[in-house]
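S.K.: Below is one structure. I have some questions about it.
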Amino acid sequence: MCDEQTRAEALAALQGTTFFPYWLDAPQRPADEPALQCALTCDLLIVGGGFTGLWAALQAKEANPERDVVLIEANSIAIGASGRPAAILSTSVMHGLANALRLFPQDMETLEQLGKENLDGFRETIERYGIDCDLEWGGELTVAIGDEGREDIEKEYKLYRHYGHDAHLLDRDAVQREVNSPLFNGGLWSKQRSGTVHPAKLAWGLKLVAAELGVQIYENTPMVSNQQNKQGVLVKTAQGQVQANKVLLATNAFAAGHRKIRNRVAAIRDRIVVTEPLSEEQMASIGWQNRQGIYDTRTQLNYMRLTADNRILFGGRLDYFFGNNTDPAEDKQADPYLRLVDNFYRTFPTLRGIRFSHAWSGPIALTTRMAVHYQSYHGGKMLYAGGYSGFGVTATRFGARVALAMLDDAQVPERNLQFARTQPAFIPPEPFRWIGAKITMYALDTLDEKGGWRIPWVRMVEKMGFPITQK
Ligand SMILES: Cc1cc2nc3c(=O)[nH]c(=O)nc-3n(C[C@H](O)[C@H](O)[C@H](O)COP(=O)(O)OP(=O)(O)OC[C@H]3O[C@@H](n4cnc5c(N)ncnc54)[C@H](O)[C@@H]3O)c2cc1C
C-alpha cells in the first residue's frame with residue numbers, strides 16, 4: 001500500500017470507527033417486521049427487501065390495489081446493497097451512457113427516454129408520498145485525473161450533449177472553484193436529473209408506503225427453497241411457506257433462488273469510508289457548495305459525496321471473496337480500508353487527520369452487462385431481476401417495473417428492447433472466478449501508473465465482456 005507513516009496515519013484515523021454502514025446506523029431505523037411463521041397464499045411473492053423488491057411491491061400495488069402481494073426479506077429491509085451505496089442518483093438505467101452505447105446502440109434513444117422518465121417517476125413518487133430521505137439535486141460531477149482524464153471527460157461531454165443532457169465542461173480552474181482538490185484537472189458536470197439521497201431512509205420510506213398500500217412484509221424470513229407446482233410456486237422459508245402464483249427474486253448479488261443465477265452474476269465487494277462531520281472551516285477549505293455526487297476518471301475509481309450533516313462519504317476499493325461471499329469478516333476491521341483513507345487524504349490534503357466514523361463494504365452484483373438482466377425459471381412463474389452493478393439506486397425502479405410486466409406477460413414496449421431479450425455472458429465458476437478476480441483487482445490497483453503485463457491481462461478480461469477501461 002503506502003509507506004509506514006501513511007499507514008500509521010490511516011490506522012489512527014480509523015480508531016474507534018464503526019464497521020457498519022453509516023446509513024443504517026441511524027435513529028430512524030424502524031423495528032423489523034415479524035418473521036413469517038405460518039403458511040400463506042398470494043398472487044405475487046417478492047423475495048428480497050432492497051430497492052428492487054420495494055419498488056416492485058409499491059408499483060405492483062399502485063397498478064392493482066386488489067393484488068395480493070407478500071414480500072419476504074432474509075434479514076432486515078435494506079441490509080444488502082440498498083443500505084450501503086454512495087447513493088449518487090443517475091438518469092441512466094443501463095449503468096451510464098457509455099455502457100448503454102456499448103451494449104445496445106440500436107436502443108439508445110429509447111433507453112435514454114426511459115431513463116429520464118424513470119428518474120422523474122422516482123422523484124415524483126418520493127414527493128407524492130412525502131418520503132423524508134435527504135434528496136438533493138446538485139447533479140453529478142465526473143472529475144478528470146491527469147491529462148488522460150481530461151480526454152475522457154471531453155469524449156463523455158460530447159455523448160452527454162448528443163443525448164440532450166444539461167452537461168457542462170469545466171477546466172481545471174472551474175472544477176477547483178467547485179471542489180478544491182489538487183487531483184482534479186477538469187470536470188464534467190451533469191446538472192439536472194442527478195443528485196444524492198439517503199438510501200436507507202428512502203428504503204424505510206418505501207417499506208412504510210408499501211405496507212400502507214397493503215403489502216404484507218416479513219423480515220428475518222429467508223427463502224430456503226422453491227418448487228413449481230400446479231398453482232404456481234411453493235416457496236419454503238425458515239419457519240413457514242408461501243404458495244404464490246408468481247415469484248420475483250429481488251436477491252441481486254446474493255443471487256439466491258436458483259443455482260444457475262450465479263453463472264452470470266458475481267458478488268464483488270466495494271468499500272466506503274465516512275468522515276466525522278466537517279467543521280465550517282473544513283467545509284470552506286474544500287468548497288463543494290453545490291454538493292454534487294462525484295466520480296473520478298481512474299480505472300480503479302473513487303466516488304464521493306456529502307451527507308446531510310456534512311460528512312464526506314468516500315468509496316471505491318473493489319475486492320472479491322471466494323465463493324461470492326457477500327459478508328466477509330475481513331471487512332469489519334481497519335486493514336482493507338487503509339488504502340481508501342490514503343486516497344482520501346491525497347484527494348483532500350487540507351483534511352489530513354480527520355477521523356472516519358464509519359467504514360463498510362457492500363455487495364455489488366457484477367455481470368458483463370453491468371446493468372439489470374432477467375432470468376426466468378419455473379416456466380416463467382419465477383423471475384430473477386438483478387445485476388445493476390454500481391448503478392442501481394434509481395435503475396431498480398425501472399428494473400422492477402419491467403420485471404412485473406414480464407411476470408404478468410404484459411405486452412409493454414420495453415420487453416421488445418434488447419436488454420429485456422438477452423442475457424449477459426457466463427462468468428467462469430470457482431476456483432477460476434476467484435483466481436481471475438484476484439489477478440484483475442491486483443492489476444487494476446496500478447494499471448494507470450505501471451501498465452506492463454496488466455494491459456494485456458485487462459484486455460483479455462474485457463474480451464470476456466467486462467468493460468474495465470471503458471469510459
Ligand atoms: C458500495 C456500493 C456503492 C454503491 N453506490 C451506488 C451509487 O452511488 N449509485 C447507485 O445508483 N448505485 C450504487 N450502488 C448500487 C446499488 O446500491 C444497488 O444496485 C441496489 O441497491 C440494488 O438493489 P437490490 O434490491 O437489487 O439489491 P439488494 O439491496 O442487495 O437487496 C437484495 C435483498 O435480498 C435479500 N435476500 C437475499 N437472499 C434472500 C433469501 N434467500 N430470502 C429472502 N431475502 C433474501 C438480501 O438480504 C437483500 O436485502 C452501490 C452499491 C454498493 C455496494
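The values are calculated or read from the model by the stated rules, or taken from the named source; none is laboratory data. Since the model is a prediction, treat every value here as computed from it, not as a measurement. Note that we place each Cβ from the backbone using ideal geometry, even for glycine, and neighbour counts take in every protein chain shown. Only protein heavy atoms, including side chains, enter the accessible area calculation; ligands, DNA and RNA are left aside. Shrake-Rupley method; radii C 1.70, N 1.55, O 1.52, S 1.80 Å.
Residue by residue, here is whether (1) closer than 30 Å to Gln37 by Cα; (2) part of a loop (DSSP other than H, G, I, E, B); (3) away from the ligand (no atom under 13 Å from the Cβ) holds:
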residue	(1), (2), (3)
Leu234	yes, no, yes
Gln243	yes, no, yes
Asn310	no, yes, yes
Phe314	no, no, no
Asp327	yes, yes, no
Leu338	no, no, yes
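S.K.: Taking the residues in the stretch 173-208 that are more than 16 Å from the ligand (Cβ to nearest atom) and part of a helix (DSSP H, G or I) as candidates, determine which candidate is surrounded by the fewest Cβ atoms within 10 Å (Cβ to Cβ). Don't jump to the end; show me each part of the working.
M.R.: Going through the stretch 173-208, the residues more than 16 Å from the ligand (Cβ to nearest atom) turn out to be 173-189, 191-192, 208.
Still in the running and part of a helix (DSSP H, G or I): 173-178, 208.
Working: Asp173: 8, Ala174: 13, Val175: 25, Gln176: 17, Arg177: 13, Glu178: 22, Leu208: 15.
Out of the qualifying residues, it is Asp173.
S.K.: Residues that are closer than 21 Å to Pro413 by Cα and away from the ligand (no atom under 16 Å from the Cβ): does the stretch 95-103 have at least one?
M.R.: yes
S.K.: I'd like the full set of residues that are within 7 Å of the ligand (Cβ to nearest atom), surrounded by 24 or more Cβ atoms within 10 Å (Cβ to Cβ) and not in a helix (DSSP H, G or I), limited to the stretch 35-76.
M.R.: Across the stretch 35-76, the qualifying residues are Val47, Gly48, Gly49, Gly50, Ile72, Glu73.
S.K.: In the set Ile131, Ile145, Ile77, which member is β-branched (Val, Ile, Thr) and over 29 Å from Lys201 (Cβ atoms)? So that I can check it myself, show each step before the final result.
M.R.: Numbers: Ile131 fails: over 29 Å from Lys201 (Cβ atoms); Ile77 fails: over 29 Å from Lys201 (Cβ atoms).
Answer to the selection: Ile145.
S.K.: A further question on this structure: Could you figure out which of (1) among the small types (Gly, Ala, Ser); (2) surrounded by fewer than 20 Cβ atoms within 10 Å (Cβ to Cβ); (3) in contact with a His (Cβ under 8 Å, 6 or more places away or on another chain) isn't true of Gly436?
M.R.: It is condition (3) that Gly436 fails.
S.K.: Inside the stretch 348-367, can you point out the residues that are of a type in the set (Val, Ile, Thr) and within 16 Å of the ligand (Cβ to nearest atom)? I'd like the intermediate steps shown before the answer.
M.R.: Looking only at the stretch 348-367, we keep the residues that are of a type in the set (Val, Ile, Thr), and these are 350, 354, 364, 367.
Selection gives Ile364, Thr367.
S.K.: May I ask you to list the residues in the stretch 84-109 that are in contact with a helix residue (DSSP H, G or I) (Cβ under 8 Å, 6 or more places away or on another chain) and either more than 28 Å from Arg271 (Cβ to Cβ) or in the same structural domain as Ile294 (by TED's automatic domain parsing) (or both)?
M.R.: Kept after step one, since they are in contact with a helix residue (DSSP H, G or I) (Cβ under 8 Å, 6 or more places away or on another chain), are these residues of the stretch 84-109: 84-85, 87, 89-95, 97-98, 100-101, 103-104, 106-108.
If the condition is that a residue be in contact with a helix residue (DSSP H, G or I) (Cβ under 8 Å, 6 or more places away or on another chain) and either more than 28 Å from Arg271 (Cβ to Cβ) or in the same structural domain as Ile294 (by TED's automatic domain parsing) (or both), then Leu101, Phe104, Gln106, Asp107, Met108 are the ones that fit.
S.K.: Here's a follow-up. Between residues in the stretch 128-139 that are over 23 Å from Trp288 (Cα atoms) and residues that are modelled with pLDDT of 95 or more, which pairs lie under 6 Å by C-beta distance while being six or more apart or on different chains?
M.R.: Listed by first residue and then by second, the contacts come to Tyr129/Val209; Ile131/Gly205.
S.K.: Could you tell me whether the stretch 62-79 includes any residue that is under 18 Å from Val372 (Cβ atoms) and modelled with pLDDT of 95 or more?
M.R.: no
S.K.: Does Met382 satisfy being in contact with a Phe, Trp or Tyr (Cβ under 8 Å, 6 or more places away or on another chain) and either under 27 Å from Ser92 (Cβ atoms) or touching a residue at least 24 places away in the same chain (Cβ under 8 Å) (or both)? I'd like the intermediate steps shown before the answer.
M.R.: Numbers: in contact with a Phe, Trp or Tyr (Cβ under 8 Å, 6 or more places away or on another chain): no; either under 27 Å from Ser92 (Cβ atoms) or touching a residue at least 24 places away in the same chain (Cβ under 8 Å) (or both): yes.
Considered against the rule, which asks whether it is in contact with a Phe, Trp or Tyr (Cβ under 8 Å, 6 or more places away or on another chain) and either under 27 Å from Ser92 (Cβ atoms) or touching a residue at least 24 places away in the same chain (Cβ under 8 Å) (or both), Met382 comes out as no.
S.K.: Within the stretch 245-257, work out how many residues are at pLDDT 95 or above and either more than 11 Å from the ligand (Cβ to nearest atom) or open to solvent by less than 70 Å² (accessible area, probe 1.4 Å) (or both). Walk me through it before giving the result.
M.R.: Residues of the stretch 245-257 at pLDDT 95 or above: 245-254.
Filter once more, keeping what is either more than 11 Å from the ligand (Cβ to nearest atom) or open to solvent by less than 70 Å² (accessible area, probe 1.4 Å) (or both): 245-253.
Number of matching residues: 9.
S.K.: Could you grab me the full set of residues in the stretch 77-94 that are more than 6 Å from the ligand (Cβ to nearest atom), out of contact with any Ser or Thr (no Cβ under 7 Å at 6 or more places or on another chain) and of a type in the set (S, T, N, Q)? Outline the logic, then answer.
M.R.: First, the residues of the stretch 77-94 that are more than 6 Å from the ligand (Cβ to nearest atom): 77-78, 83, 89, 91-94.
Pick out the ones that are also out of contact with any Ser or Thr (no Cβ under 7 Å at 6 or more places or on another chain) and you get 77-78, 83, 92-94.
Passing the criteria: only Ser92.
S.K.: Kindly provide the set of residues from the stretch 140-150 that are within 21 Å of Gln292 (Cα to Cα) and part of a helix (DSSP H, G or I), ordered by number. Write out each step before concluding.
M.R.: Filtering the stretch 140-150 for residues within 21 Å of Gln292 (Cα to Cα) gives 140-146, 149-150.
Within the stretch 140-150, Gly146, Gly149, Arg150 qualify.
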